[in-house]
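Since the structure comes first, as structure tokens, the remarks are kept for the end.
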Amino acid sequence: MPINQARILVVDDDANSRELLRIILRAAGYEVDEAFNADEAVAMLRRGDFDLVTLDIMMPEVDGIECCRRIRAFSQVPIIIITARDQLYDEIVGLEAGADDYITKPFQRESVVGRVRAALRRVAVERSGAPQGHVRQYGPLTVDLRSQGVLVFGTPVDFPGKEFDLLCALCENLGVLMSKERLSVLVWGGEVEADSKTLEVHIYRVRKKLDQAADLGRFLETRRFRGYILSAGILDAVPPEA
């Protein structure tokens, strides 16, 4: 099934949150069903064929973490946790319970759609059995995971060490707002504090090199107090005039 025709189950006890997610996801082309608590969600998943679940953490009686565990007892459907609480704590607990990703409230359309698409793409590749290969293309960026080489419009640009890892994390989550905590985990294994200068300096270096190579730094956006995002607009970037 094409990714944009996937069937998604939105689980949240708050009607306004369900409605907002329904509007966002249907506008992106997805079929959406809703459940208002954990028991209903589990029952619907046992009866129906869903491609992805968004699951709110703070639900009465049975919370989202326990609901995630119950779903994982019989299904490997991708689960994205929705949380309004401490990001790093909920991410760790949610992932340990079997979730694939998380989104924090208040959420924005691009973050929701980006994470949903990324999760569905991962599942599609796994089910196809096709290897992803070690060379990835992101618009003007060609990333070689084996040699850790990067081409920008075909010209080599040096991104040593963690700069390369950071660029890869942003590219693999293109169009998705990445919190500082999330990047700290992906790039440094959580060993670097999210609010330290280390991440900020590496973001600066990556952006500067993208600018120097082809005026692409503008696509690496800083969202104050929230994190960073490599805009999907980079896919349509054209080489600067000579």
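The values are calculated or read from the model by the stated rules, or taken from the named source; none is laboratory data. This structure is a prediction, so every number in the text was calculated from the model and none was measured. All Cβ positions, even for glycine, are placed from backbone atoms using ideal geometry, and neighbour counts span all protein chains on display.
Elements of the type helices (runs of 4 or more DSSP H) sitting completely within segment 1-88 and holding at least 1 residues that are under 26 Å from residue 183 (Cα atoms): these cover 15-27, 64-72.
Whether any residue in segment 194-204 is more than 20 Å from the chain's Cα centre (by Cα), surrounded by 14 or more Cβ atoms within 10 Å (Cβ to Cβ), within 23 Å of residue 122 (Cβ to Cβ) and not assigned by TED's automatic domain parsing to the domain that holds residue 100 is what I want to check. Within segment 194-204, not a single residue is more than 20 Å from the chain's Cα centre (by Cα), surrounded by 14 or more Cβ atoms within 10 Å (Cβ to Cβ), within 23 Å of residue 122 (Cβ to Cβ) and not assigned by TED's automatic domain parsing to the domain that holds residue 100.
Considering (1) more than 18 Å from the chain's Cα centre (by Cα); (2) modelled with pLDDT under 85, the lone condition that residue 144 does not fulfil carries the number (2).
Within segment 155-170, being closer than 25 Å to residue 122 by Cβ and touching a Lys or Arg at 6+ places or on another chain (Cβ under 7 Å) holds for 159, 163. Looking across 45, 21, one residue alone is crowded, with 18+ Cβ neighbours inside 10 Å, touching a Ser or Thr at 6+ places or on another chain (Cβ under 7 Å) and farther than 16 Å from residue 77 by Cβ. It is 21.
Among the residues of segment 1-12, those identified as surrounded by 19 or more Cβ atoms within 10 Å (Cβ to Cβ) and either within 19 Å of residue 76 (Cα to Cα) or in contact with a Cys (Cβ under 8 Å, 6 or more places away or on another chain) (or both) are 6, 8, 9, 10, 11. Answer yes or no as to whether residue 218 is without any contact (Cβ under 8 Å) to a residue 40 or more places away in the chain, farther than 15 Å from residue 165 by Cα, in the same structural domain as residue 140 (by TED's automatic domain parsing) and surrounded by fewer than 16 Cβ atoms within 10 Å (Cβ to Cβ). Against the criterion (without any contact (Cβ under 8 Å) to a residue 40 or more places away in the chain, farther than 15 Å from residue 165 by Cα, in the same structural domain as residue 140 (by TED's automatic domain parsing) and surrounded by fewer than 16 Cβ atoms within 10 Å (Cβ to Cβ)), residue 218 qualifies. Criterion first (under 18 Å from residue 76 (Cα atoms) and either of a type in the set (Ser, Thr, Tyr) or exposed (fewer than 13 other Cβ atoms within 10 Å of the Cβ) (or both)) does residue 15 satisfy it? No, not satisfied.
Every test in (1) surrounded by fewer than 19 Cβ atoms within 10 Å (Cβ to Cβ); (2) free of Cβ contacts under 8 Å to residues at least 24 places away in the same chain is passed by residue 226 save one, and that test is (2). Tell me whether segment 181-196 contains one or more residues that are outside any loop (DSSP other than H, G, I, E, B) and either farther than 21 Å from residue 101 by Cβ or free of Cβ contacts under 8 Å to residues at least 12 places away in the same chain (or both). No: segment 181-196 contains no residue that is outside any loop (DSSP other than H, G, I, E, B) and either farther than 21 Å from residue 101 by Cβ or free of Cβ contacts under 8 Å to residues at least 12 places away in the same chain (or both).
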